Amino acid sequence: MLTCSKTYRDIPFAHRQHWHGGHCSLIHGHNWAITLTFACQKSDANGFVVDFGDLKYLNAWIAQNLDHACLFNESDPESEALLAQFGHLFKAYILPNTSCEGLAQHLHGVFNPMVRAQTEDRVWVTKVEVEEDSKNSATYLPD
């Protein structure tokens, strides 16, 4: 198996962990980095796992969905009221779990099908690492 990685850095977005007992229960922002590791059994005609120049669709998805967004857990009891009253003031993205761990797992579920479709199933995402403010990170490795 061959692998390579691409990192998208300095993506500003906010989140909140409504069940957290401390300050993380408040909406707060970070600068994030997302590192995707791609894998294949056989490189392309150029000897690449993926051509980094052909990954613009991933950057576009990040810009559309995460850049300057506010992430909410699906189970957040306040998100509906916040969106109803203030949704015009921010871009919301709702997912199962807004922790670094939850975000890494969620992004694998988003990006892996996109990469497989774009490469006609030759390449897949084997790992997603999410980094919060260059201090904390979590990695998702599918089974």
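Only the coordinates and a few stated rules stand behind these numbers; no lab work does. Just so it is clear, the model here is predicted, and its values are computed rather than measured. Glycine gets a Cβ as well: all are built from the backbone with ideal geometry, and neighbour counts include every protein chain shown.
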Legend entry - Any hit, segment 88-98, residues being of a type outside the set (Gly, Ala, Ser) and touching a Lys or Arg at 6+ places or on another chain (Cβ under 9 Å): yes
Inset, instruction - Looking only at segment 6-24, count how many residues are surrounded by 14 or more Cβ atoms within 10 Å (Cβ to Cβ) and small (Gly, Ala, Ser). - result: 1
Legend entry - Complete set of residues in segment 1-34 that are among the polar types (S, T, N, Q) and assigned to a strand (DSSP E or B): Thr3, Ser5, Thr7, Asn31
Legend entry - Qualifying residue in segment 5-19 (condition: under 30 Å from Asp121 (Cβ atoms) and among the acidic types (Asp, Glu)): no
Legend entry - Near pairs, Cβ below 8 angstrom, 6+ apart or cross-chain, from segment 123-135 (over 19 Å from His15 (Cα atoms) and touching a residue at least 40 places away in the same chain (Cβ under 8 Å)) to any residue that is surrounded by fewer than 21 Cβ atoms within 10 Å (Cβ to Cβ) and among the charged types (D, E, K, R): Val123/Arg116; Trp124/Arg116
Legend entry - Subset of segment 65-81 that is charged (D, E, K, R) and surrounded by 15 or more Cβ atoms within 10 Å (Cβ to Cβ) - its residue that is nearest to Gln17 (Cα to Cα): Asp76
Legend entry - Ala33 being among the small types (Gly, Ala, Ser), surrounded by 13 or more Cβ atoms within 10 Å (Cβ to Cβ) and within 20 Å of His68 (Cα to Cα): yes
